[in-house]
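Q: Got a structure for you, questions after.
Derivation of every value follows stated rules applied to the coordinates shown; laboratory data play no part. These numbers were taken from a predicted model, which means no experiment stands behind them. We place every Cβ from the backbone using ideal geometry, glycine too, and count neighbours over all the protein chains shown.
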Amino acid sequence: MKIYEYKGRKNLCGQRVKEARARRNITQADLAARLQVAGVIMERDSVSRIEIGTRFVTDYELTVLAKVLGVSMEWLTEQED
């Protein structure tokens, strides 16, 4: 049996990506551009879909997101109760 969603979302990191991006005052387009410079091809709409939880995030994307946003992967995937 394949599990495609967890608690109605396709990723754990979306809310934290949005939070970290907002703290740094960068737009979704800016984040997508920074990811592309770091080697991950991603458009603004993909960033949006990650943040709202409708797009899967691969392990290498999570690694680069953490680096670009200046946070740890653990923080990005940490769940709040």
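Q: If you fit an axis through the alpha-carbon atoms of helix 14-23 and take the longest principal axis of the Cα set of the chain, what angle between them do you get, 0 to 90°, nearest 10?
A: Taking the Cα atoms of the chain, the angle to 14-23 is about 30 degrees.
Q: Determine, for Asp30, Asp45, Asp59, the number of other Cβ atoms within 10 Å of each Cβ, and report the residues in order from fewest to most.
A: Asp59, Asp45, Asp30
Q: Sticking with this structure for a sec: Within 15 Å, Cβ to Cβ, of Trp75, how many net charges do the neighbouring residues add up to if Lys/Arg are +1 and Asp/Glu are -1?
A: Every neighbour counted, the sum reads +2.
Q: Next question, about the same structure. Find how much the distance from Glu74 to Lys2 grows on full extension, using 0.36 nm per residue of separation minus their present alpha carbon separation; answer in nm with one decimal.
A: Gain on extension, Glu74 to Lys2, equals 23.5 nm.
Q: Taking Lys67 as the anchor, which aspartates and glutamates have their alpha carbon closer than 15 Å to its alpha carbon, excluding any fewer than eight residues away along the same chain?
A: Glu19, Asp30, Asp59
Q: Candidates (1) 32, 12, 12; (2) 31, 23, 12; (3) 19, 14, 12; which is the computed semi-axes √(5λ) of the Cα gyration tensor in Å?
A: (3)
Q: Sticking with this one: Once you keep just the Cα pairs under 8 angstrom separated by 6 or more residues, what percentage relative contact order results for segment 28-81?
A: This gives 29 percent for segment 28-81.
Q: Taking H placed 1.01 Å from N in the peptide plane, check which residues at least 5 places from Arg9 or on another chain put their amide H under 5 Å from its amide H.
A: Amide H neighbours of Arg9: none.
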